[in-house]
Number of protein chains: 2
Amino acid sequence: MQRTRIRALLSSPPAGADVTAAGWVRTRRDAKGGFSFIELNDGSCLANLQVVAGQDLPNYAGDVQRLHPGAAIVVEGPLVASPGKEQNVELRARTLRVLGFCDPLAYPLGKQRIGLDRLRELPHLRARTNTFGAMSRVRNRLAQAVHEFFQSRGFVLMHTPIIATSDCEGAGEMFQVTTLDLDNLPHLDRGGVDYTHDFFSRRTSLTVSGQIEGETYACALGDVYTFGPTFRAENSNTRRHLAEFWMVEPEMAFADLQDDAVVAEAMLKHLFGTVLRDCAEDLAFFEQRVAPGVVARLQRLADKPFAAMEYSEAVAQLQRADCAFEHAPVWGTDLKAEHERYLTEKVTGGEPLVVLNYPAEIKAFYMRLNDDGRTVAAMDILLPGVGEIVGGSQREERLEPLLAAMHARGLNPDDYAHYVDLRRFGSVPHAGFGMGFERLVQFCTGLSNIRDVIPYPRTPRGSE
Amino acid sequence: MQRTRIRALLSSPPAGADVTAAGWVRTRRDAKGGFSFIELNDGSCLANLQVVAGQDLPNYAGDVQRLHPGAAIVVEGPLVASPGKEQNVELRARTLRVLGFCDPLAYPLGKQRIGLDRLRELPHLRARTNTFGAMSRVRNRLAQAVHEFFQSRGFVLMHTPIIATSDCEGAGEMFQVTTLDLDNLPHLDRGGVDYTHDFFSRRTSLTVSGQIEGETYACALGDVYTFGPTFRAENSNTRRHLAEFWMVEPEMAFADLQDDAVVAEAMLKHLFGTVLRDCAEDLAFFEQRVAPGVVARLQRLADKPFAAMEYSEAVAQLQRADCAFEHAPVWGTDLKAEHERYLTEKVTGGEPLVVLNYPAEIKAFYMRLNDDGRTVAAMDILLPGVGEIVGGSQREERLEPLLAAMHARGLNPDDYAHYVDLRRFGSVPHAGFGMGFERLVQFCTGLSNIRDVIPYPRTPRGSE
């Protein structure tokens, strides 16, 4: 079927030409004089196309007057200047064919406004609403902008494995993957499950990060990135956590912490600038209906350099703050959400903040130990209203400090033989970071619940 | 660290300028007269940069003469025209700094050539070889070309869920995902595992396709596509199967089987054309070292229209063939690999073939029943040497035929309530297909084992 998308019809209307549009009816209004106005949406943009269907159509009474919200139609006719104030052009139906009717008594998305919580129970239909149509288009544009940023800088996309075979990292928060029959588990003589019968002959789980594998490819190809799903089996039902989420993880050889922070900031600015340029209509909707101020905030972040601060200085500022924190800020502990909020709201005044060089004891073994012997070359980027959007570090490329950091944490280097190998065979300084993609979409749309920025959210005790 | 990628130095050498390059030593050759030639690779391209390091360097004896394959160095100096025949330019080292030495006795990738089977045991190092460097760059370019194709046509990328909650599809070949403690499973009073204690309060598994969810978004946004990991717990150790692989799945509203085949062919041509244009150096390597003829085959496919044939006609041709098949071709059975081979090699003469309209009884419930009542609007695209690369169909958008197809297969429509809803609320003709991304990379590189076209292959009893 040859159809022209409504986005194209509205943005560059072919003067006077006959066109074919197809989509779903948002509303139908019958006017005096024997014709109807139909607001038609096809998902290509937020705006509807106004269709004018008159009683001269042979199926006016039989079809047009039976159209309700949700019905699917194909309309063919001339696109002409509209006398109405709401739109520039309208489609005068010469033919109108119904593809599928929609029973208004059964259809959950009627004319009345429906709350986001109720829409979460309708994941198969909610993309037909303005909010989820706009979110889907913004999410799509951001995803492509991620690729554009890294591709234009010569990074190689790498697909890291989803099924992870090392269970050395915090297995408590990981999903186990198995083909064993849980009603009939094979057991070892000494007790316990016999994983030699499992699909991979060992215990496996869903990945929590592609970093380790990313490092192996960065130490061969130079600059790589991943963009894939990651998983946390955390039992936390918050507006900021999903059990399944998408993560962007670049890894750069010949790079230090400073390079890392520079690339992360440039990436965020590129992403904000791209949606501001290419998703203006959808952002205006979020500005008006969801989060007033969201566009101005994006604009500010796209333009101004981010503030940066040492972790130690951040703690000192928090300790001096005239503010009753629930958790007292103490050097050597992680920043809590309330601290991040204070830093991005009060200290920077609503700007992002790059926090650098965290205490070694609260960070992972793979982060590079600084010369002070007590901090590591880690950095987080905090966004106002969202908190941590990027977390990264320079990796420990020196064999002995890496082994020492493993031993200090009770890790067995044999479990990380490949990782250690990289430090033995032509080791190079390298750094990388991770960005939670859904947090980014939240920030750009202003949608406060992370369940509303991914089509089918996976959360504890609810994956529909 | 400011460095220029070797790809840039070789493709557009800055005349006479001082440059900094960093990478890994491929070979070092000491010449008479007190200087050494170093072949340096940084993964940005297949070609090495020739570095000339002389004994005037203060660390010539201490460092340069201790460099072995795999060592990492940074070199700074002028890039000059090379007197050698093998390269146009060379880098005269003014300074050479060793980032990481590499012990030739311990390093598994020495000078001698290593087989692909041995390299599979070294997934963390194999990207440093020419074959895997080239494969990684081709794979990266193909992935980006997938996005370019669909984005340029207005498709919206959609991230479909990885953890699947419906266990109605062939659960036997699915990986189960669980947070239950397998050493201490909760049981129902009536026996069996009590999944109300599992993370999602139900049994969950890894997705085998994003199609069902893709359809829900196509029926709201028009044209969507997914590009994500999918899983099969098939215990088949072949050169063509992975337990974890990436799949591209577009889904188009207002489209029929013919539209589906047209888009699939255009996509493949775009992908072939893009790698031919942008990956010429890497393809030349595969042509020379891996699969002679691979470039000419890609060129032919990028240029010529694909052949198309009804399934019934394909079976008739196979039945008339002067060829002893292991499985006799019979109408109503699926085409075997030997049949696909015959069709693409003998019938089309080495060209791809689009096979259309398969018997309903061998296809899934969701494919649209044709007017003949015995075939469905399905299509496969077969490539010479690879077999099926694309499988798609027009979906059954009519409620009654869909319910009938479910009943005929013993499926309970209640298990597909959302899917059925789409046929009740403004149903539209729609179609889509899936392309196995690793099969595509195999076809473009000529690498015969699918384990060699993904960084960390997941196969039965071996996920390293």
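The values are calculated or read from the model by the stated rules, or taken from the named source; none is laboratory data. What you see is a predicted model, and the numbers here were worked out from it, not measured in a lab. All Cβ positions, even for glycine, are placed from backbone atoms using ideal geometry, and neighbour counts span all protein chains on display. Only protein heavy atoms, including side chains, enter the accessible area calculation; ligands, DNA and RNA are left aside. Shrake-Rupley method; radii C 1.70, N 1.55, O 1.52, S 1.80 Å.
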Check: When the range A:225-246 is examined, which residues are found to be within 8 Å of another protein chain (Cβ to nearest Cβ) and either open to solvent by less than 10 Å² (accessible area, probe 1.4 Å) or out of contact with any Lys or Arg (no Cβ under 9 Å at 6 or more places or on another chain) (or both)?
Finding: A:Gly228, A:Pro229, A:Phe231, A:Ala233, A:Ala243, A:Glu244, A:Trp246
Item checked: Some residue of the range A:279-296 being free of Cβ contacts under 8 Å to residues at least 12 places away in the same chain and more than 24 Å from the chain's Cα centre (by Cα) -> no
Next item on the list: Kindly provide the set of residues from the range B:1-45 that are open to solvent by less than 30 Å² (accessible area, probe 1.4 Å) and in contact (Cβ under 8 Å) with a residue 60 or more places away in the chain, ordered by number.
Entry: B:Leu9, B:Val19, B:Ala21, B:Ala22, B:Trp24, B:Val25, B:Asn41, B:Gly43, B:Cys45
Notebook entry, point to check: Out of all the residues in the range A:347-357, is one or more in contact with a Pro (Cβ under 8 Å, 6 or more places away or on another chain), without any contact (Cβ under 8 Å) to a residue 12 or more places away in the chain and surrounded by fewer than 16 Cβ atoms within 10 Å (Cβ to Cβ)?
Noted result: no
Item checked: Scan of the range B:189-233 for residues that are closer than 18 Å to B:Val248 by Cβ, part of a helix (DSSP H, G or I) and of a type in the set (A, V, I, L, M, F, W, C), ordered by number -> B:Ile212, B:Ala218, B:Leu221
Next item on the list: Test each condition in (1) touching a residue at least 24 places away in the same chain (Cβ under 8 Å); (2) not in a strand (DSSP E or B) for A:Met309 and report the one that comes out false.
Entry: (2)
Check: Of everything in the range A:428-456 that's open to solvent by 10 Å² or more (accessible area, probe 1.4 Å) and assigned to a loop (DSSP other than H, G, I, E, B), which residue is nearest to the other protein chains (Cβ to nearest Cβ)?
Finding: A:Tyr456
Next item on the list: May I ask you to list the residues in the range B:96-122 that are surrounded by 14 or more Cβ atoms within 10 Å (Cβ to Cβ) and touching a Ser or Thr at 6+ places or on another chain (Cβ under 8 Å)?
Entry: B:Leu99, B:Gly100, B:Leu109, B:Ile114, B:Leu116, B:Leu119
Next item on the list: Could you list all residues from the range B:107-153 that are out of contact with any helix residue (DSSP H, G or I) (no Cβ under 7 Å at 6 or more places or on another chain), assigned by TED's automatic domain parsing to the domain that holds B:Glu281 and among the aromatic types (Phe, Trp, Tyr)?
Entry: B:Phe150
Check: Which one of these does B:Asn88 not meet: (1) away from chain A (no Cβ under 13 Å); (2) within 27 Å of B:Met135 (Cα to Cα); (3) in contact with a helix residue (DSSP H, G or I) (Cβ under 7 Å, 6 or more places away or on another chain); (4) among the polar types (S, T, N, Q)?
Finding: (3)
Checklist line | the range B:405-438: number of residues that are closer than 22 Å to A:Ala72 by Cβ and among the basic types (Lys, Arg) | finding: 2
Note to self: If I ask for residues that are more than 19 Å from A:Ala81 (Cα to Cα) and either outside the structural domain of A:Gln87 (by TED's automatic domain parsing) or charged (D, E, K, R) (or both), which ones from the range A:11-28 would you list?
What the structure shows: A:Arg26, A:Arg28
Notebook entry, point to check: B:Gly192 passes all but one of (1) at the interface with another protein chain (Cβ under 7 Å from one of its Cβ atoms); (2) at pLDDT 95 or above; (3) surrounded by fewer than 13 Cβ atoms within 10 Å (Cβ to Cβ); which number fails?
Noted result: (2)
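Yes or no, residue by residue, for (1) more than 27 Å from B:Arg126 (Cβ to Cβ); (2) surrounded by fewer than 20 Cβ atoms within 10 Å (Cβ to Cβ):
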| site | (1), (2) |
| --- | --- |
| B:Ala53 | yes, no |
| B:Asp56 | yes, yes |
| B:Gly62 | yes, yes |
| B:Arg66 | no, yes |
| B:Pro83 | yes, yes |
| B:Arg94 | yes, yes |
Check: Within the bounds of the range B:162-177, is there any residue that is under 30 Å from A:Asp278 (Cα atoms) and in a loop (DSSP other than H, G, I, E, B)?
Finding: yes
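Quick check on this structure: which one of B:Arg141, B:Arg113 is more than 7 Å from chain A (Cβ to nearest Cβ), closer than 26 Å to B:Glu281 by Cβ and modelled with pLDDT under 95?
B:Arg113
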Note to self: Exactly one condition in (1) away from every other protein chain (no Cβ under 13 Å); (2) over 16 Å from B:Met247 (Cα atoms); (3) touching a residue at least 60 places away in the same chain (Cβ under 8 Å); (4) crowded, with 23+ Cβ neighbours inside 10 Å is false for B:Asn412; which is it?
What the structure shows: (4)
